[in-house]
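The values are calculated or read from the model by the stated rules, or taken from the named source; none is laboratory data. This one's a predicted model, so the numbers in the text were calculated from it and none came from an experiment. Backbone-built Cβ (ideal geometry, glycine too); neighbour counts: all protein chains shown. When the accessible area is computed, the model is the full protein with side chains, heavy atoms only, and any ligands, DNA or RNA have been set aside. Shrake-Rupley method; radii C 1.70, N 1.55, O 1.52, S 1.80 Å.
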Amino acid sequence: MKVCSQCQKPHQSTFALCDPCRIYIREYVKARRTDRTLCVDCSEAPAENQRRCDKHRQADNQRARASKRQLKQQVFTAYGGACACCGDTTPEFLSLDHVGGGGTAHRRFRGGNNAIVYKDVIAQGFPLTFRVLCLNCNLSRGYYGYCPHETTKAQGSGTIRSDPREVGTS
């Protein structure tokens, strides 16, 4: 004989819940799904066009941000935790770069945001087709096709040139 996980009464059903509790919960969930005027978590009135009240929506947002931060930290740590070009280690400035390009296409193909890309990278075992770059280096590569830090490294001057296109002219 089993014990119902809801009411703790013995029952003969093959389920974890006794029949009355199963019926009650089924009806309760059904009513919650159809009544879109109440928060799905606490039955308070949510803001207009929202499924959750402000308190639960903020809690969900905080959990999502913390989860994304953990994924980002895990990926960046695996790739050295610093910009591969300039060495910047400020976490807020770091981003994941597709070495051969194609980051936008990757996000569009997966239908999501950076968290999905981070999950892909983890699932693939941190492939060498990705690297960590700061936003300055990443955007410069995407927009200009090169990073000014590389031109200064090639010159050996140690300072950033005012016009990186002047590399070959001296």
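No other residue among 74, 62 is loosely packed, with under 13 Cβ neighbours inside 10 Å and either part of a loop (DSSP other than H, G, I, E, B) or modelled with pLDDT of 90 or more (or both) apart from 62.
Can you find even one residue in region 16-29 that is open to solvent by less than 40 Å² (accessible area, probe 1.4 Å), at pLDDT below 85, over 31 Å from the mean Cα position of the chain (by Cα) and not acidic (Asp, Glu)? Yes, because at least one residue in region 16-29 is open to solvent by less than 40 Å² (accessible area, probe 1.4 Å), at pLDDT below 85, over 31 Å from the mean Cα position of the chain (by Cα) and not acidic (Asp, Glu). Tell me, please, whether a residue that is at pLDDT 85 or above, crowded, with 17+ Cβ neighbours inside 10 Å and not charged (D, E, K, R) can be found in region 142-149. Yes, the conditions are met somewhere in region 142-149.
When residue 92 is tested against (1) among the acidic types (Asp, Glu); (2) over 17 Å from residue 71 (Cβ atoms); (3) at pLDDT 85 or above, exactly one condition is not met: (2). Taking the criterion of being touching a strand residue (DSSP E or B) at 6+ places or on another chain (Cβ under 8 Å) and outside any helix (DSSP H, G or I), the residues of region 90-125 that qualify are 90, 94, 95, 96, 97, 98, 99. Scanning region 90-97 for residues that are open to solvent by less than 80 Å² (accessible area, probe 1.4 Å), closer than 21 Å to residue 128 by Cα and free of Cβ contacts under 8 Å to residues at least 24 places away in the same chain turns up at least one hit. If you go through region 117-136 and keep only what is aliphatic (A, V, I, L, M), out of contact with any Asp or Glu (no Cβ under 8 Å at 6 or more places or on another chain) and surrounded by 14 or more Cβ atoms within 10 Å (Cβ to Cβ), you end up with 117, 121, 135. Residues that are assigned to a loop (DSSP other than H, G, I, E, B) and free of Cβ contacts under 8 Å to residues at least 24 places away in the same chain within region 77-89 comprise 87, 89, listed in sequence order.
For region 33-54, the criterion of being surrounded by 13 or more Cβ atoms within 10 Å (Cβ to Cβ) and not in a loop (DSSP other than H, G, I, E, B) is met by no residue. Listed by first and then second residue, the pairs linking a residue in region 108-132 that is without any contact (Cβ under 8 Å) to a residue 40 or more places away in the chain and over 14 Å from residue 70 (Cα atoms) to a residue that is open to solvent by 30 Å² or more (accessible area, probe 1.4 Å) and hydrophobic (A, V, I, L, M, F, W, C), with Cβ atoms under 8 Å apart and 6 or more places separating them unless they lie on different chains, are 110/116; 128/99; 129/99.
Yes/no matrix, rows are residues, columns are (1) of a type in the set (Asp, Glu); (2) more than 14 Å from residue 135 (Cβ to Cβ); (3) at pLDDT below 90:
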| site | (1), (2), (3) |
| --- | --- |
| 68 | no, yes, no |
| 81 | no, yes, no |
| 84 | no, no, no |
| 112 | no, yes, yes |
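Take residue 85 and tell me if it is open to solvent by less than 60 Å² (accessible area, probe 1.4 Å) and in contact with a helix residue (DSSP H, G or I) (Cβ under 9 Å, 6 or more places away or on another chain). Yes, satisfied.
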